[in-house]
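Written out below as structure tokens is the structure these notes cover.
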Amino acid sequence: MKVNADIQNVEKVCKKCGTPLTSKSKYKYCDNCRRERAKARKEIAGTVSALCIAALTIVPGVKHFVNKK
Ligand SMILES: [Zn+2]
């Protein structure tokens, strides 16, 4: 039983930094890396939505300019 537990501990490590994870953890990353990834994803989402808003703001202006021509 102890050997099995040790094998599980060896198999379950954070994919990013290699920190051993608890065998209960369903995640491939440790808490720290998951927090960083969530933060990065949030920043990417913010950047994407900002670009979308910028595109939506610019496109009507470009269309207006093209139609006028
Ligand atoms: Zn990690």
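Using the Karplus curve 6.51 cos²θ - 1.76 cosθ + 1.60 with θ = phi - 60°, work out ³J(HN,Hα) for each residue of segment 33-49 in order, rounded to whole Hz, and write x for Gly and Pro.
For segment 33-49, the Karplus-derived couplings read 5, 5, 5, 5, 5, 4, 5, 5, 5, 4, 5, 5, 4, x, 5, 4, 5 Hz, x marking Gly and Pro.
Report the local net charge at residue 49: Lys and Arg +1, Asp and Glu -1, summed over other residues whose C-beta lies under 15 Å from its C-beta.
+1
Would you kindly calculate the translational diffusion coefficient of segment 2-68, applying Stokes-Einstein with the Kirkwood radius from alpha carbon pairs, for 20 °C and a viscosity of 1.002 mPa s, and quote it in µm² s⁻¹ without decimals?
Approximately 139 µm²/s, per Stokes-Einstein.
Every number in this text was worked out from the coordinates using simple rules, so none of it is lab data. As the structure is a computational prediction, the values presented were derived from the model and not from experiment. Quick reminder, even Gly has a Cβ in these numbers, built from the backbone with ideal geometry, and neighbours come from all protein chains shown.
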